[in-house]
Amino acid sequence: MALVGEALRGLYGPGVAPGEARLFARAIAELKRFGLSPFALPKDGEAGRLRRVYLAYERLKRGSLDYDDFRRYAQRAPLRLFPKPHLVVVDGLREVGPLDLAFLRRLAREVPVLLALEVLPPGLEPWETLSPRPLKREVLRLANPVEEARHLLRALKRALAPKDLGGEGLAPEEVLVVAPEERIGGLLLLKEEYGLPLEDGRERALADTEDGEKVLALLSPFPTGRDLLALGFSALGRRALRLGLAGEEALKALAQREGLQAEWEAFSTLRTPGPDPLAWAEEALERLGVSAKEPFLSRLRLALRVGGGAPLAWWRSFLLDEALPPGVGRGVPVLPPLRATGVRARRAYVLDWVAGRYTLGEGEDYFLLEELRERGLLARLPRRLRGLDPLFWEEVATRGEEVYLLYPEAGPSGLYPPMEAGKRPDPLPPASRLEALPHAPFRPPWPRAGGGLPSVEALRRLLECPFRVYLERFFPREAEEDGALGWDALAREGNGLLDHPEVGPWLERHQAHLEGMRFFVVWERQGYRLCLDGVRREGKAVHLYRLLSAGAAPEWDARKRWTEWKAMEELLEGRFTSKVEEVHLWAWPWLGEPVPYRKCPFRRGERLGPLEVIRPRLEEALALWREGVLSSRPGGHCHACTFQDVCRKEGE
């Protein structure tokens, strides 16, 4: 892949992505595997582009060998068989390519070779056609994927348990589990609960190791809170993860707002290469605690050769592609379908036996379409649309002497069509401590209201869902609800922002409004607090400001905002020592113009219509707060809740 990337860069310039190189590398590997040179390809179209890249790749590769060169040279290498075997058996392969087949023919001149395949290559006649192996096969249907996984784990527990404990006494190496790749992680999460020796059979890359995850976090093109946490920047990482932010600009703005500039600068310095990328990478790996640095540095050297001035994307791609040798496990292997072919066990369990889950995903090749694979030398290439899925299904369903095919009847997206209709299995006994516990689940008590006065807006939200109000004490709501981005900086720095090129002229233009304004004022009343954004007094007139983020529109509906209306009631009814005759109500977006609620102010003795809606609801909320239990209240508002289903509203 690195050489193909270098060839592409030499032909088409520096703007070559790793994905493009991967596409060409796979096409070249297929051509070489079937013994085709670049001159077998047409000169026009995308096939012509593949021809040019193939030629450039072979020029760059002089003096080196790729996998298919080894296969080709094996045809001429001397055969020194010591000790000379009586029989060579080739089994467990789905297909044998022409280079491998030519070597096996040559080997067969020296010793007998027995080749076992489901479909023989063209030109071979079967020496013997074997009948299907006799095996026990059962298809079991479960209600949903959760019940299917639980049944599988109970069955595994019973199969591995000693016979004197009521089990079947099978050894772990006698059992095999086949599951779609996306289901394997969930099964492995449950192995501790069930006490099962499950082994991850997925192919691992260098990036999947603990050290590799740190390096990937360092190289992430759009860093997230998870990447920050992996690199040790916990304060900024937790905030970014909670807000769902990604990308350098968003994280930098968050660091400035939260006062975490030092942590952001340390993160930026760590991920910014210096003039010597290798020295920078070695120092970064040392700081990340990577013990075996050479596998990572060797891939960076390849990336520097290919990527030129921007090698980090290539380095990341090489780490994702670098396959590690499989570990030697002593447990029950849980394999994805393709890795399970060629593996047999005494008993096999196949998960998710539904239509569309087990497929080879056959599709036309990007460079060489089906009609091109029928012409001239390209006729050596196999067709891509051969309809081999039924053969693949039969392979998956015959991985053991006893095979149990499990499928869920339905899932989140609806009913699942099974590959074969099955029967519902008999229930198995509990196989984990959690399953053996009484069926009444533990429900923690709802939290209770603590000390202190709630804000009037918290009381308003209390009528929707008290539990959400409790959560908001730990995860404050965003600025559009209780403040506004930008205004908090003005409250802290004041005239210090006059030198800002955008903020300074805006402050000077609105000096009359800002003169004497107090920001984020809190008034404690009987049973609640009023948290006002901005308050300014002029004699017997008071100006109340609703400060908004840039471009936001104010919300004055009495069902959605109480603070300013209750504050106006307090002022106009003379509940303060100084007399107030009129109140002006303003909405003011950041870097925008202050907009009055109406042209004339509210005056003493004037009837305030919104308060007739607010008063009874406020009394109801205060009574609910005094009860103290902050339980959830599912309803239509749940769909807009930022905490999603943390309260398990569906089950309440």
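The values are calculated or read from the model by the stated rules, or taken from the named source; none is laboratory data. Predicted model, so just to flag it, every value in this text is computed and none were measured. Here the Cβ is made from the backbone with ideal geometry for all residues, glycine too, and neighbour counts use every protein chain on show. The protein model used for the area step is the full one, side chains on, heavy atoms only, and it has no ligands, DNA or RNA in it. Shrake-Rupley method; radii C 1.70, N 1.55, O 1.52, S 1.80 Å.
Taking strands (runs of 3 or more DSSP E) that fall entirely within the stretch 498-580, which contain at least 3 residues that are over 24 Å from residue 624 (Cα atoms) and either touching a Pro at 6+ places or on another chain (Cβ under 8 Å) or open to solvent by less than 60 Å² (accessible area, probe 1.4 Å) (or both)? First the steps, then the outcome.
Numbers: elements: 518-524, 529-538, 541-548.
Answer list for the stretch 498-580: 529-538, 541-548.
Would it be correct to say that residue 262 is open to solvent by 30 Å² or more (accessible area, probe 1.4 Å) and in contact (Cβ under 8 Å) with a residue 40 or more places away in the chain?
Working: open to solvent by 30 Å² or more (accessible area, probe 1.4 Å): yes; in contact (Cβ under 8 Å) with a residue 40 or more places away in the chain: no.
No; evaluated as a whole, the condition is false for this residue.
Within the stretch 585-623, restricting attention to residues that are outside any strand (DSSP E or B) and aromatic (Phe, Trp, Tyr), the residue that is least open to solvent (accessible area, probe 1.4 Å) is 590.
Checking the structure you have, find out if any residue of the stretch 366-380 is over 27 Å from residue 411 (Cβ atoms), of a type outside the set (Ser, Thr, Tyr), in contact (Cβ under 8 Å) with a residue 40 or more places away in the chain and assigned to a loop (DSSP other than H, G, I, E, B). Within the stretch 366-380, one or more residues are over 27 Å from residue 411 (Cβ atoms), of a type outside the set (Ser, Thr, Tyr), in contact (Cβ under 8 Å) with a residue 40 or more places away in the chain and assigned to a loop (DSSP other than H, G, I, E, B).
List the number of the failed condition for residue 274; all other conditions in (1) open to solvent by less than 80 Å² (accessible area, probe 1.4 Å); (2) assigned to a helix (DSSP H, G or I) hold. All conditions are met except number (2). For the stretch 194-220, filtered to residues that are part of a loop (DSSP other than H, G, I, E, B) and within 20 Å of the chain's Cα centre (by Cα), the residue that is nearest to residue 268 (Cα to Cα) is 220.
Looking only at the stretch 407-445, residues that are of a type in the set (Phe, Trp, Tyr) and open to solvent by 90 Å² or more (accessible area, probe 1.4 Å) come to 1 in all. Could you tell me whether any residue of the stretch 10-22 is surrounded by 21 or more Cβ atoms within 10 Å (Cβ to Cβ), over 30 Å from the mean Cα position of the chain (by Cα), not β-branched (Val, Ile, Thr) and not in a loop (DSSP other than H, G, I, E, B)? Within the stretch 10-22, not a single residue is surrounded by 21 or more Cβ atoms within 10 Å (Cβ to Cβ), over 30 Å from the mean Cα position of the chain (by Cα), not β-branched (Val, Ile, Thr) and not in a loop (DSSP other than H, G, I, E, B). Among the residues making up the stretch 278-331, those that are of a type in the set (A, V, I, L, M, F, W, C), open to solvent by 30 Å² or more (accessible area, probe 1.4 Å), more than 14 Å from residue 218 (Cα to Cα) and in a helix (DSSP H, G or I) are 278, 279, 302, 304.
Condition check ((1) of a type in the set (Ser, Thr, Tyr); (2) touching a strand residue (DSSP E or B) at 6+ places or on another chain (Cβ under 9 Å); (3) not in a loop (DSSP other than H, G, I, E, B)) across all residues:
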site: 151; (1), (2), (3): no, yes, yes
site: 155; (1), (2), (3): no, yes, yes
site: 158; (1), (2), (3): no, no, yes
site: 164; (1), (2), (3): no, no, yes
site: 169; (1), (2), (3): no, no, no
site: 182; (1), (2), (3): no, no, yes
site: 188; (1), (2), (3): no, yes, yes
site: 192; (1), (2), (3): no, no, yes
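Among the residues of the stretch 613-634, is there at least one that is under 52 Å from the mean Cα position of the chain (by Cα), of a type in the set (Ser, Thr, Tyr) and over 20 Å from residue 535 (Cα atoms)?
Narrowing the stretch 613-634 to residues under 52 Å from the mean Cα position of the chain (by Cα): 613-634.
Remaining after also requiring of a type in the set (Ser, Thr, Tyr): 631-632.
This time we only want the ones that are over 20 Å from residue 535 (Cα atoms), so: 631-632.
Yes, the conditions are met somewhere in the stretch 613-634.
The single condition among (1) farther than 30 Å from residue 424 by Cα; (2) open to solvent by less than 50 Å² (accessible area, probe 1.4 Å) that residue 213 does not satisfy is (2).
Being over 23 Å from residue 493 (Cα atoms) and loosely packed, with under 15 Cβ neighbours inside 10 Å narrows it down to one of 247, 237, 232, so name that one. Before you say what the answer is, go through the steps one by one.
Details: 237 fails: loosely packed, with under 15 Cβ neighbours inside 10 Å; 232 fails: loosely packed, with under 15 Cβ neighbours inside 10 Å.
When all the criteria are applied, what remains is 247.
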